[in-house]
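The values are calculated or read from the model by the stated rules, or taken from the named source; none is laboratory data. It should be emphasised that the depicted structure is a prediction, and the values quoted were computed from it without experimental measurement. Here the Cβ positions follow ideal geometry from the backbone for every residue, glycine too, while neighbour counts run over all protein chains shown. In case anyone asks, the SASA skips ligands and DNA or RNA and just uses the protein heavy atoms, side chains included. Shrake-Rupley method; radii C 1.70, N 1.55, O 1.52, S 1.80 Å.
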Amino acid sequence: MGKGPLFKPRAWDETKPLLTVSGVERSFPVGGGQLHVLKGIDMALYPMQLVMLKGRSGSGKTTLLNMIGGLDQPNKGEIVFMGHAFHQSGDDQRTQIRRKEIGFIFQSFALMPLLSAWENVELALRMAEVPRSEWKRRTAHCLELVGLGKRMHHRPFELSGGEQQRVAIAKAIAHRPCLLLADEPTAELDSQMGAQVMAVFRDIIQTEQVTICMTTHDPTIMEVADHVFEMVDGKFING
Ligand SMILES: Nc1ncnc2c1ncn2[C@@H]1O[C@H](COP(=O)(O)OP(=O)(O)OP(=O)(O)O)[C@@H](O)[C@H]1O
């Protein structure tokens, strides 16, 4: 294993946003017309915040999350992430920034079924081109962080839904992103497992100094947010 600190602490200025969304609009061509999904979104994410997006099904939460993560671009408006203008940059440029600085978690856990928890996390490090010499230490650290120190060599089918989601979290933070985006991460879990996942989120915000932006429908989950944005008809009704 490597020597020295696992990583340098980040020098965040917590008063400066990590990401800003200004006047963002997004529509999709549907049946010869345009479906206006986002109609002028403004938001800011600050370092080490836990932010939630709520809104009825189809209100545009996933569409917004995709744009924040650089997977899609707005028709109008600006998205600036750590000084990078996502609304003006090309696919390759956004992909590079995303690989380095952003982690994704989905409702279904997106694990490789034949690989153990350990191998799943290692795969994420390989994909992010983290030097091989760091894999062992980082993998052990991430799995311990999500409370799976004793289940490192289990494969997904040998783990509960909550444990699988925690492997997915370990995988998403392995390359040490500063922004973690999660689309309904607790939707397939019972309330106890959902609460465990939220406790892990709270923990990694501190230990990894990461910002988390997630969507949810669950009012009890929203109680632990630093800020909740509510989307109605393509706009936020609170700021
Ligand atoms: N690529 C696309 N082409 C056409 N329509 C799309 C596209 N992506 C999303 N939409 C439409 O935009 C609307 C918003 O979808 P979105 O997935 O963002 O909603 P959501 O709030 O995340 O919903 P849910 O809570 O059900 O996940 C929906 O009506 C959807 O059908």
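Rounded to the nearest 0.05, what FRET efficiency do GLN206 and GLU134 have when you use their Cβ-Cβ distance and R0 = 35 Å? For GLN206 and GLU134, the calculated efficiency is 0.95.
Take every DSSP beta bridge whose two residues both sit in the chain; close to 55 percent of them are antiparallel.
Say R0 is 30 Å: what FRET efficiency, to the nearest 0.05, do MET82 and ASP218 get from their beta-carbon distance? The calculated FRET efficiency here is 0.50. For the range 95-167, taking Cα atoms only, Rg and Dmax work out to 12.1, 34 Å respectively. Sparsely packed loop sites in the range 147-239 (the trypsin sites (Lys or Arg not before Pro) outside DSSP H, G, I, E and B with at most 14 other Cβ atoms within 10 Å) comprise LYS150.
Work out, in µm²/s and without decimals, the Stokes-Einstein translational diffusion coefficient of the chain at 37 °C, 0.692 mPa s, Rh from Kirkwood over C-alpha pairs.
On the way: Rh = 18.4 Å.
Once the numbers are plugged in, D ends up at 178 µm²/s.
From the mean inverse distance of alpha carbon pairs (Kirkwood) and the Cα radius of gyration, derive Rg over Rh for the range 45-127. So for the range 45-127, dividing Rg by the Kirkwood Rh gives 1.01. Normalised per residue, the accessible area of the chain is 49 Å², obtained with a 1.4 Å probe and no contribution from ligands, DNA or RNA.
If the chain between LYS16 and GLU144 were fully stretched, how many nm would it gain, using 0.36 nm times the residue separation less the Cα-Cα distance?
Gain on extension, LYS16 to GLU144, equals 43.0 nm.
For the range 115-239, the fraction of C-alpha pairs more than 17 angstrom apart is 58%. Taking R0 as 30 Å, what's the FRET efficiency between ALA199 and GLU230 from their Cβ-Cβ distance, rounded to 0.05? Efficiency, from the Cβ-Cβ distance: 0.80. In the range 19-238, taking the dipole from charged Cβ atoms about the Cα centre, the farthest positive-side position among LEU65, MET193, ALA117 is held by ALA117. Per-residue ellipticity at 222 nm from helix content only, as computed over the chain with -39500 (n - 2.57) for each DSSP H run of at least four residues, stands at -9500 deg cm²/dmol.
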